[in-house]
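Contents: one structure, followed by commentary.
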Amino acid sequence: MRPSLRLRYHQGTTAHTASIYPFSVQGSFGHRGTYVGLDLLAGGGEFCWDPFEAYAAGLVTNPNAWVLGEPGNGKSALVKTLLWRQAAVYGTGPGGRWVAIADPKGEYTSLAEDLGLTTIRLSPGGTATLNPLAPGPAADHEPPDKQTLRRAHMCAALVSCVLERALTQPEDALLFAAVEHLTTIRAEPTLADVAHLVTNPDHILDDRLGPRADLTAETRTVAYAVDKLLTRSLRGMFDGPSTVTLRWDGAGVVLDLSAVPLDSDALPLVMVATAGWFQQLMACPGPQRIQVLDEAWALLGNLHTAAYLQSCFKLGRTYGVANLCITHRASDLAAQADDGTATSKIAAGLLADSATKIILRQAPDQIAAATSHFGLTEPEAAIVTQLARGRALWKLGGRSAVVQHVLAPAEVVLCDTDSRMHGTARARPEQRSSRSGHPRPPRRDPARRSRTAAA
Ligand SMILES: Nc1ncnc2c1ncn2[C@@H]1O[C@H](COP(=O)(O)OP(=O)(O)OP(=O)(O)O)[C@@H](O)[C@H]1O
Ligand SMILES: [Mg+2]
């Protein structure tokens, strides 16, 4: 009888078995980028990520990412720490990274203080006004026809959103003609100028669009919609010339939109105007930029605002911008419009234009949507319903990882959105700096580029 080798049955975690049989776990994604946490499918090794590094390494075909998860699972915390750590690795401002954050809950102010970002608090009827039609720093670098198109596109998204339908051809033509005309006669046209011109189209618009009488119905509809924008939804925030001076060569900007109620009709419009205003910053040459749209579901509930977001995504690669969008459910991405074909096209476009998907816990009723949108395998779908807080399924190009996001003690205060829940007002950032012994990330240190930040 031939002797056979008999070994005792051994069971271990992937973290341990990796040391005796490496093929039981998947390979590392590499060390480039900022530290995120533990790669649970790679034996608990480090997991690092950076949208630009992943693009440069050929792991993904674009630098955009979606972060999805049920409320309270750590979506914003993940993005905050990524921004915080990337400041340490890549630096901020020229030669480093530039960050623009749309912050509907007003929770990025601590991060802004620590990173030296300018915070602009917008409120209906408030004193800070931003003009999404201003040429901004892109003026010297972008041809006038591109500027006109960008502005007209944003106005069309705003008016479509108010009307809750696509613009008819005459309405679209009227709006475009008004924006184009204003671009030629004003250095800094405003939405108020557009409203005025649409309500009282002068002979120049007649020349372009034909006799005024033929346009009366369109003029009236568009004028009412723009009037609603100016007197209600965007009042005091995006309706006049900019009253805020921003250092374009600074570290970045946070638009605090917390004065606009989360469940209001105004939020999608405010988010469109915000994305429109960001675009004038993104369109000029400069450092790699990151645009964060927190609570991006506000843009996904409507076909026209979702289409606008998609157009921003498309420009991302041209401008060297990585878009990070945060939303709750996979079904948000289907946009809640009636037209099935258009809806699925937008959802497919948004996903195709974002190669990285970070999926935190999803409710069981979202699994079908998550599976169809993200192409989850059966085990991945099962994992997604069971993820603990801070743990996510990462889909990077064709690869997957389950990552536990690790918060450093110094970052807990930065990310804490539960202080009201546990009834304690946690300490503010001063304690994270010299007094607590935790250093702030350096403002700018290009020499440290491409190295991994230790959390
Ligand atoms: N990896 C983590 N480890 C420990 N605590 C975490 C982690 N991630 C998040 N938290 C904590 O969980 C709480 C909720 O996190 P966060 O505000 O990021 O959730 P969210 O998913 O953005 O919620 P919402 O959808 O309501 O905005 C915060 O107080 C944060 O400090
Ligand atoms: Mg959040």
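Do the conditions hold for Thr14, that is, is it more than 16 Å from ligand 2 (Cβ to nearest atom), surrounded by fewer than 19 Cβ atoms within 10 Å (Cβ to Cβ) and not small (Gly, Ala, Ser)? Yes, satisfied. Testing Pro201 on (1) in a loop (DSSP other than H, G, I, E, B); (2) modelled with pLDDT of 85 or more; (3) in contact with a helix residue (DSSP H, G or I) (Cβ under 7 Å, 6 or more places away or on another chain), one condition comes back false. Which one is that? The one condition Pro201 does not meet is (2). Of the residues making up region 152-196, those that are acidic (Asp, Glu) and assigned to a helix (DSSP H, G or I) are Glu171, Asp172, Glu180, Asp193.
Can you spot a residue in region 85-104 that is under 26 Å from Val244 (Cα atoms), of a type in the set (Ser, Thr, Tyr), in a helix (DSSP H, G or I) and more than 16 Å from ligand 2 (Cβ to nearest atom)? No, region 85-104 contains no residue that is under 26 Å from Val244 (Cα atoms), of a type in the set (Ser, Thr, Tyr), in a helix (DSSP H, G or I) and more than 16 Å from ligand 2 (Cβ to nearest atom). In the set (1) at pLDDT 85 or above; (2) in a loop (DSSP other than H, G, I, E, B); (3) farther than 22 Å from Ala347 by Cβ, Gln362 fails one condition alone, (3).
A count restricted to region 367-383 and to residues that are surrounded by 14 or more Cβ atoms within 10 Å (Cβ to Cβ) and either assigned to a loop (DSSP other than H, G, I, E, B) or modelled with pLDDT of 95 or more (or both) stands at 1. Being within 20 Å of Ala401 (Cβ to Cβ) and either in contact (Cβ under 8 Å) with a residue 40 or more places away in the chain or within 16 Å of ligand 2 (Cβ to nearest atom) (or both) is not true of Glu107.
Would you check which residues across region 83-104 are within 16 Å of ligand 1 (Cβ to nearest atom) and over 18 Å from Phe278 (Cβ atoms) and list them? Trp84, Arg85 - these are the residues of region 83-104 that are within 16 Å of ligand 1 (Cβ to nearest atom) and over 18 Å from Phe278 (Cβ atoms). Comparison of Thr118, Thr184 shows that the only residue that is closer than 24 Å to Cys325 by Cβ and of a type outside the set (A, V, I, L, M, F, W, C) is Thr118. Does at least one position in region 305-314 carry a residue that is in contact (Cβ under 8 Å) with a residue 12 or more places away in the chain, within 16 Å of ligand 1 (Cβ to nearest atom) and surrounded by fewer than 22 Cβ atoms within 10 Å (Cβ to Cβ)? No: zero hits. Among the residues of region 48-72, those that are within 16 Å of ligand 2 (Cβ to nearest atom) and farther than 15 Å from Val36 by Cα comprise Trp66, Leu68, Gly69, Glu70, Pro71, Gly72. Evaluated against (1) in contact with a Ser or Thr (Cβ under 9 Å, 6 or more places away or on another chain); (2) assigned by TED's automatic domain parsing to the domain that holds Gly69; (3) within 16 Å of ligand 2 (Cβ to nearest atom), Thr305 falls short on exactly one condition, (3). Listed by first and then second residue, the pairs linking a residue in region 398-417 that is closer than 17 Å to Gly106 by Cα and small (Gly, Ala, Ser) to a residue that is at pLDDT 90 or above and more than 16 Å from ligand 2 (Cβ to nearest atom), with Cβ atoms under 6 Å apart and 6 or more places separating them unless they lie on different chains, form an empty list. Would you be able to say whether some residue in region 118-141 is buried (at least 19 other Cβ atoms within 10 Å of the Cβ), within 16 Å of ligand 2 (Cβ to nearest atom) and not aliphatic (A, V, I, L, M)? No; the residues of region 118-141 include none that is buried (at least 19 other Cβ atoms within 10 Å of the Cβ), within 16 Å of ligand 2 (Cβ to nearest atom) and not aliphatic (A, V, I, L, M). Within the span defined as region 30-40, one or more residues are away from ligand 1 (no atom under 16 Å from the Cβ), closer than 20 Å to Ile359 by Cα and in a loop (DSSP other than H, G, I, E, B).
Scanning region 132-145 for residues that are in contact (Cβ under 8 Å) with a residue 12 or more places away in the chain and of a type outside the set (A, V, I, L, M), we see that the one that is nearest to Glu171 (Cα to Cα) is Pro132.
The values are calculated or read from the model by the stated rules, or taken from the named source; none is laboratory data. Keep in mind it's a predicted model, so treat the numbers as computed, not measured. Don't worry about glycine lacking a Cβ; one is built from the backbone with ideal geometry, like all the others, and counts go over all protein chains shown.
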